[in-house]
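Student: What follows is a single structure, and I will ask about it in a moment.
The values are calculated or read from the model by the stated rules, or taken from the named source; none is laboratory data. Just so it is clear, the model here is predicted, and its values are computed rather than measured. Backbone-built Cβ (ideal geometry, glycine too); neighbour counts: all protein chains shown.
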Amino acid sequence: MKIDGLWLACDCAGDEKPLEIAIEKLRRAGIKQRSLRVYVLIGKDMAREEDRLKWIYRLGAMPYAQLYKDGNGKPEYDNKWKSFMRTWSLPVFRGNLAKICGAPVGHTVAA
């Protein structure tokens, strides 16, 4: 069986340990980092959220940041937040993640 992409999520406090276990099992099963993606809600604390995004990358998955929006499309975010989200979600930036995180794609680094 070939898996092109598998998506997980890390949105709430307490998601970290189950996510870590899932990523570890999937990587051991042969799922490559580029195929293992994790949705991460952002929009509250940029420094803490960047740490979480880096942690996910170092675990062996590709983080995919999404700005939190309620059912009415609120809140609105400034350009700093939008740029931050693009850095962590658009494929064109993926080559920069190794530099940002201090680890090459495909290598798991102890967090």
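Student: Looking at Asp70, Asp45, Asp51, Asp78, can you tell me which residue is acidic (Asp, Glu) and either modelled with pLDDT under 90 or under 20 Å from Asp4 (Cβ atoms) (or both)?
Tutor: Testing whether each residue is acidic (Asp, Glu) and either modelled with pLDDT under 90 or under 20 Å from Asp4 (Cβ atoms) (or both) leaves just Asp70.
Student: Could you look through segment 28-62, keep only residues that are touching a strand residue (DSSP E or B) at 6+ places or on another chain (Cβ under 7 Å) and part of a helix (DSSP H, G or I), and pick out the one that is surrounded by the fewest Cβ atoms within 10 Å (Cβ to Cβ)?
Tutor: Looking at the filtered set, the residue picked out is Arg34.
Matching residues to (1) within 22 Å of Ile21 (Cβ to Cβ); (2) at pLDDT below 90; (3) not polar (S, T, N, Q):
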residue: Pro63; (1), (2), (3): yes, no, yes
residue: Gln66; (1), (2), (3): no, no, no
residue: Phe84; (1), (2), (3): no, no, yes
residue: Pro91; (1), (2), (3): no, yes, yes
residue: Asn96; (1), (2), (3): no, yes, no
residue: Val109; (1), (2), (3): yes, yes, yes
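Student: Of these, Arg48, Arg58, Arg34, Arg27, which one is touching a residue at least 60 places away in the same chain (Cβ under 8 Å) and farther than 15 Å from Ser89 by Cα?
Tutor: So the residue among Arg48, Arg58, Arg34, Arg27 that is touching a residue at least 60 places away in the same chain (Cβ under 8 Å) and farther than 15 Å from Ser89 by Cα is Arg27.
Student: Further question: Does segment 1-22 contain at least one residue that is surrounded by 13 or more Cβ atoms within 10 Å (Cβ to Cβ), at pLDDT 85 or above and of a type in the set (Phe, Trp, Tyr)?
Tutor: Scanning segment 1-22, I find no residue that is surrounded by 13 or more Cβ atoms within 10 Å (Cβ to Cβ), at pLDDT 85 or above and of a type in the set (Phe, Trp, Tyr), so the answer is no.
Student: Can I ask one more? Any idea which residue in segment 1-27 is nearest to Asp70 (Cα to Cα), counting only those that are among the aliphatic types (A, V, I, L, M) and in a strand (DSSP E or B)?
Tutor: Top of the filtered list is Ala9.
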